[in-house]
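The values are calculated or read from the model by the stated rules, or taken from the named source; none is laboratory data. These figures come from a predicted structure and were not determined experimentally. Cβ placement follows ideal geometry from the backbone for every residue including glycine, while neighbour counts extend to all protein chains displayed. These accessible areas exclude ligands, DNA and RNA; they are computed on the full protein's heavy atoms, side chains included. Shrake-Rupley method; radii C 1.70, N 1.55, O 1.52, S 1.80 Å.
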Amino acid sequence: MTTSTPWPTSLPLSRMPQRARRTQVIADELRQLIMAGTFSIGSKLPTETVLCEQFGVSRTTLREAIQMLRSTGLLDVTPGRGSYVRAPSLQLLLPSLQLAACGRGLQHAEVGPLLGLLHQYALQHWQGPHRHREALQALYQHALPRQASPAEAAETEAQWHLAVLHLAQDPLLSFCGQLLLALGTPARLKKYQTPDEFTRTTQLQLRVNGALMEGDQAGALRALCLWCGAPPLPQPNPRVA
């Protein structure tokens, strides 16, 4: 029997703003928990009773927030069973990214898991090194330059991620990646204030580049998701001939 994922005990009770914004705030908080992996893909959300108590709202307000997440593909809602977290499709993910770009943007904890999700899409549709040898070699052109400024490092990292996503040759995927990386620029600039981040990123690039050159999709994806802080995702085929 499936049980609901317990509410994280370390999360303080939300302080609700004016009534007109309550639905959006609830949806935003639940989205952040999902993207951060607190509620993993396939898990069941806490019951309506628990969520209503947590947020201090009526069932009507809560259900409106749940419906917002359902419409963007983050939840599957089954009457009598509850709400289950799912990985959204690109078509459903894009409106959420556009909305974030026009509004508050995305928090650091949201950017990484979403980027890991996009990499999963890319590598699932990748045809293998025998089809895209030149594109793979281009990945090495985006290695972090030595003694780069945080701005230079952030831009180089973004171009490298886009090069990985481009392997799928899907314009929608590449566009989602560009939008997400633009939203995550402040977070990348902040992390490159730490010298160790340059070494860490360079090691990731070499590991992923090498795995892709060998056709090891699963190895590349594991490294990318670990580095992005992405929640566990379904794995593609282990190798591409």
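Some points to look at:
- The single condition from (1) over 30 Å from PHE39 (Cα atoms); (2) among the basic types (Lys, Arg); (3) modelled with pLDDT of 85 or more that ARG222 fails is (1).
- Against the test of being over 25 Å from PRO113 (Cα atoms), at pLDDT below 75 and of a type outside the set (Phe, Trp, Tyr), the options ARG15, ARG59 yield a single qualifying residue, ARG15.
- Residue in segment 146-155 that is farthest from ARG200 (Cα to Cα), counting only those that are aliphatic (A, V, I, L, M) and not in a loop (DSSP other than H, G, I, E, B): ALA151
- Qualifying residue in segment 87-98 (condition: modelled with pLDDT of 85 or more and under 15 Å from the mean Cα position of the chain (by Cα)): no
- Enumeration of residues in segment 38-52 that are in a helix (DSSP H, G or I) and not hydroxyl-bearing (Ser, Thr, Tyr): GLU48, VAL50, LEU51, CYS52
- Top-ranked residue in segment 148-174 [being closer than 13 Å to TYR121 by Cβ and polar (S, T, N, Q); ranked as least open to solvent (accessible area, probe 1.4 Å)]: SER174
- Subset tally (residues that are open to solvent by less than 20 Å² (accessible area, probe 1.4 Å) and not in a helix (DSSP H, G or I)) for segment 196-215: 1
- Of the residues in segment 160-169, none is part of a helix (DSSP H, G or I), more than 21 Å from LEU118 (Cα to Cα) and of a type in the set (Phe, Trp, Tyr).
- Filter result (at pLDDT below 80 and within 17 Å of GLN205 (Cα to Cα)) within segment 121-145: PRO129, ARG133, GLU134, ALA135
- Answer from GLY116, GLY177 - the residue that is in contact with a Gly (Cβ under 8 Å, 6 or more places away or on another chain) and either surrounded by 15 or more Cβ atoms within 10 Å (Cβ to Cβ) or assigned to a loop (DSSP other than H, G, I, E, B) (or both): GLY116
- SER83 passes every criterion in (1) at pLDDT 85 or above; (2) assigned to a helix (DSSP H, G or I); (3) buried (at least 16 other Cβ atoms within 10 Å of the Cβ) apart from (2).
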